[in-house]
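Colleague: Before I ask anything, let me first share the structure, which is written out below as structure tokens.
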Amino acid sequence: MKKLAVSVIVMLILALGCAAALSACTPVSVEEDGTVVAGGVRYKVDGQFATVIGYVEGERRLKVLSRLGNEEAGIDAEVTIIAENAFAGADIDQVEFDTGFERLTIYPNAFAGSTVKDLEDFPYTNVTLIDNALAGMANLSVISVRGDSQERDCYYINDTDGGLYGVGSDGKTTLYLIPAAKSAANTYTITANIVAPGAFSCNKSINTVFVTNSVSRICSGAFANVKISRVSFQDVTAEVFVEEGAFEVDKDMRFEVSADSVEVLDHWIKLSDGEQLETLSGLIHPTGCTEEQPHIHGLSGDNAPATSIEGIPYEVSDAAHFRIRIGDREYVLQYLFTTFTAA
């Protein structure tokens, strides 16, 4: 009985040691051109540091190590970068992350066009995501975070939507990724403070988005390759900065707001000097609008007469480009009408 107990203890110690240093349990080999291969992943080693540069074709499950070690080849390097397009187009099912990353930067489109379905044990801290680092994974259905935390400078998974979120050093929450292939409703409510580029990349289920008053910025490319038919801003008294290219604008797309002052209306109509909402203007409708004829909305959710916005007179300065002038300011109404003629 004692012998069995000792054997069990030894096995537990070995298992724990392997779990504490996954890289030590993964064979590391060196190819003729100097490329290092481990866990189906290809690395370029430069002294003490290593960069993920690709993958071994035919491998379905890959493991990204935090450290590479091969005493015979004289390799002892910290993995610090996943290069741009490292796994682009890869026919793979899963990418698992090692423990112990002290600093890891993932460059744009690292997984773009891959068939990966599962990002496993994403590091909960010490990771920098360059814009669109996780974009382009149309088959991704789940992402998990090892030891996730909602403390500052940490990443976590939201139990409600399965998305990857991060908390910045300023305490603001950023939505980095909603798995594109995750089964989801057609309607999504954004509650994070910031929506990162590529956060909804390739999503095929969501077509209506509600923006709560906690949102302060929606970054360019946040909804890349996503056909959205309706975006409803729930409380526009809180400023939301929508970067150019945040949404792929379609002529039938609707932005719903409920402005209650000229200042709030100004926030949603693009100025001709290229300030806010450069590609989104002119699609502004108050919540509940059913009007199908060409029109411009006024304040407080009411349709405006053809020559004024809630009593504020305007003139058409360039009908071909939907330019109107209110006082001494010129506004551009894009995508709203196929033709426009003042009454």
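Listed here are the residues, each with its yes/no results for (1) at pLDDT 95 or above; (2) of a type in the set (V, I, T); (3) closer than 30 Å to A222 by Cα; (4) out of contact with any Gly (no Cβ under 8 Å at 6 or more places or on another chain).
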| site | (1), (2), (3), (4) |
| --- | --- |
| V41 | yes, yes, yes, no |
| T80 | yes, yes, yes, yes |
| F87 | yes, no, yes, no |
| F101 | yes, no, yes, yes |
| I106 | yes, yes, yes, yes |
| F122 | yes, no, yes, yes |
| I130 | yes, yes, yes, yes |
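Colleague: Conditions: (1) modelled with pLDDT under 95; (2) outside any loop (DSSP other than H, G, I, E, B); (3) of a type outside the set (S, T, N, Q). E32 meets all but one. Number of the miss?
Modeller: E32 satisfies all of (1) modelled with pLDDT under 95; (2) outside any loop (DSSP other than H, G, I, E, B); (3) of a type outside the set (S, T, N, Q) except (2).
Colleague: Output the residue which, of all residues in region 160-193 that are outside any loop (DSSP other than H, G, I, E, B), β-branched (V, I, T) and touching a Gly at 6+ places or on another chain (Cβ under 8 Å), is surrounded by the most Cβ atoms within 10 Å (Cβ to Cβ).
Modeller: The residue in question is T174.
Colleague: Next question. Is it fair to say N225 is crowded, with 16+ Cβ neighbours inside 10 Å, in a loop (DSSP other than H, G, I, E, B) and modelled with pLDDT under 95?
Modeller: Here the answer is yes, as N225 does meet what is asked.
Colleague: Can you pull out the residues in region 42-67 that are under 21 Å from T125 (Cβ atoms), among the hydrophobic types (A, V, I, L, M, F, W, C) and surrounded by 20 or more Cβ atoms within 10 Å (Cβ to Cβ)?
Modeller: A50, V52, V64, L65
Colleague: Sticking with this one: State whether one or more residues within region 190-205 are over 27 Å from R152 (Cα atoms), at pLDDT below 90 and of a type outside the set (D, E, K, R).
Modeller: For region 190-205, residues over 27 Å from R152 (Cα atoms), at pLDDT below 90 and of a type outside the set (D, E, K, R): present.
Colleague: Collect the residues in region 99-148 that are in a loop (DSSP other than H, G, I, E, B), free of Cβ contacts under 8 Å to residues at least 60 places away in the same chain, in contact with a Ser or Thr (Cβ under 7 Å, 6 or more places away or on another chain) and more than 24 Å from N85 (Cβ to Cβ), keeping them in residue-number order.
Modeller: Y124
Colleague: For region 190-218, give me each residue that is over 13 Å from D161 (Cα atoms) and either among the aliphatic types (A, V, I, L, M) or touching a Phe, Trp or Tyr at 6+ places or on another chain (Cβ under 6 Å) (or both).
Modeller: I194, V195, A196, V209, V211, V215, R217, I218
Colleague: On to the next question. Given the criterion of a type in the set (A, V, I, L, M, F, W, C) and under 24 Å from the mean Cα position of the chain (by Cα), identify the matching residue among F49, F97.
Modeller: When all the criteria are applied, what remains is F97.
The values are calculated or read from the model by the stated rules, or taken from the named source; none is laboratory data. A quick note: this is a predicted structure, and the numbers were derived from the prediction, not measured. All Cβ positions, even for glycine, are placed from backbone atoms using ideal geometry, and neighbour counts span all protein chains on display.
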